[in-house]
1. So for SER144, SER97, SER362, fewest C-beta neighbours within 10 Å to most, what's the order?
2. Restricting the count to DSSP beta bridges whose residues both fall in segment 411-504, what percent are antiparallel, rounded to a multiple of 5?
3. If r is the Cβ-Cβ distance from GLU396 to LEU501 and R0 is 56 Å, what FRET efficiency results, to the nearest 0.05?
4. Quick one: which of LYS478/LYS503; LYS482/LYS503; LYS110/LYS491 span more than 21 angstrom between C-alpha atoms?
5. Taking the alpha-carbon distance from LYS347 and a cut-off under 20 Å, which lysines remain once sequence neighbours fewer than 8 residues away in the same chain are dropped?
6. Of all the C-alpha pairs in segment 4-181, what % are more than 19 Å from each other?
7. If R0 is 30 Å, what FRET efficiency do you get for ASN416 and ARG198 from their C-beta distance, rounded to 0.05?
8. Sum -39500 (n - 2.57) across every DSSP H segment of at least 4 residues in the chain, then divide by the residue count to get the 222 nm mean residue ellipticity, nearest 500.
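Computed from the coordinates by the stated procedures, all read-outs in this text should not be read as laboratory data. Since the structure is predicted, the reported quantities are computational estimates derived from the model, not experimental observations. We place every Cβ from the backbone using ideal geometry, glycine too, and count neighbours over all the protein chains shown.
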Amino acid sequence: MNVGYFLINSARKFPERTAIVSGEGRFTFKELDLRTDRLALAMNRAGLERGDRVGILFFNSVYFVETYFAALKAGLVATPVNFRLARREMAFILENSRAKALFYDPEFEKEIAGVSETVKTLELLVSPRRERAGIGVDYEDLLSTGSDPLSPLPLVGEEDRCQIMYTSGTTGRPKGAVLTHGNVTWNLFNTLSGREDRPGERAIIVGPLFHAAALNNHLTIQIALGGTAILLRRFEPASLLETIERERATVMSGAPALYNMLLDYPDAHEYDLSSIIKCTAGSDRLPMETKKRLLQFFPSINGVYDVYGCTEASPCITILSAGDSLRKDLSVGRALPFLHARIVDEKDIPLAPGEVGELVCSGPNVMAGYHEDPEGTREALRGGWLHTGDMARMDEDGFFYIVDRKKEMIISGGENIYPREVEDVLLTHPAVADTAVAGVPDPVWGESVRAFVVLKEGMDLEEGELIQFCRRHLAGYKRPRKVIFVPAIPKNPLGKVLKHLLKG
């Protein structure tokens, strides 16, 4: 089995059902399957060989979906590129992966002109130019060269490489996680179980498809189950709400920051959102207050599925079901069926429930390794377990709670302080909209706690008042020594906080 099979299978079962709704139009499973067959043949005829890497640089669009599935059918390795990156960062990913081809949106023509001069492995540039001149081959022109849909495509198995997904690189240069067809397939099985997905759903996909969650969960689930993927080019509250109402979407997925912007959108009440019966959240903590507001915002849901994972796990590790979302506050759920997860100390010895350590997991969804990085692979997969770098605990019922990133732990006077614990307290203050906590050098204690806080619109708060609030809820050594009020918390495109920018 390979990931391309999911599209082939749904096209056989539901040929006239709408597979994709995007800015480019509406596409049935039959149309999508035939066009990806032709594009796969065209890729092979253009000189791309089994195992070659294909860069994909599109906004959420049918072009991304077609390029991705065509690459998989052709035995190639999809390498999505974050479209928010600077030219130098794009060049690093394409050069590191040794990409032989790049399919890209015309909007990035200027960046790609510079990148193509740097990345010597690139032999084929393709873009839907729509009659505009450009440096690449026209997308439709290339597709037309794969005109014989009966020509054989290479056999692709579970052990073959499917993707190289580059991590967000918040603490250094991105690493390319190599995911096989088997990894992505087992992640699909895990996610279907944890999210309780059903055939024929209509899912809004606003998260960028260069991210493992949007690609391997939100899109692939709909392709595999014969659902409809409604792709949004970018997040805009009004456009998103209009699309939900018009398309009668049933599934909504997003980061907590996206949900907060929707909840605060002043005209949100004017839209009919009753079609949404499932909400999933990921990439950051989802406070109880936000969950309760979402239950009112989307009147047909009965909870929120809280998804935890990382790129190296394709990406899912745990999911908190909607039924448990109000019962297990701040939990990310139990380990998914086809993997094993546990909490270990620094010697990789398993810890008892309630103790804080690193969350590790093993299973068929875990990456094959980092692309051309044997040292990084050995470190991440030591002992046969993926070391997530997340500090967590597990309760007696087997539910996991993420405490913080291992590298962000603050050590003050010999005591371990997890920023997330302090952040969770700060977020309970009625005037606080968002926060990030970091350790800063301290001449006496080694490090001290500093809080960066965004206030809710129209609210005022003094630094001393907030520190006193923390004193009532936290041990003395955990409370912030200083609070800095900021207009926004800097985050990367996936919603992860960039604390190094706050610390300067």
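1. On the way: SER144 12, SER97 22, SER362 16.
Result, fewest neighbours first: SER144, SER362, SER97.
2. Working: 13 of 17 bridges.
Bridges in segment 411-504 are about 75 percent antiparallel.
3. Working: r = 39 Å, r/R0 = 0.69.
Working from the Cβ atoms, E equals 0.90.
4. Numbers: LYS478/LYS503 18 Å; LYS482/LYS503 12 Å; LYS110/LYS491 26 Å.
From LYS478/LYS503; LYS482/LYS503; LYS110/LYS491, over 21 Å: LYS110/LYS491.
5. LYS406, LYS407
6. Values: 8854 of 15753 pairs.
Across segment 4-181, Cα pairs with separations above 19 Å total 56 percent.
7. Working: r = 43 Å, r/R0 = 1.43.
Once rounded, the FRET efficiency stands at 0.10.
8. Working: 15 runs with 145 residues, N = 504.
Result for the chain, helices only: -8500 deg cm²/dmol.
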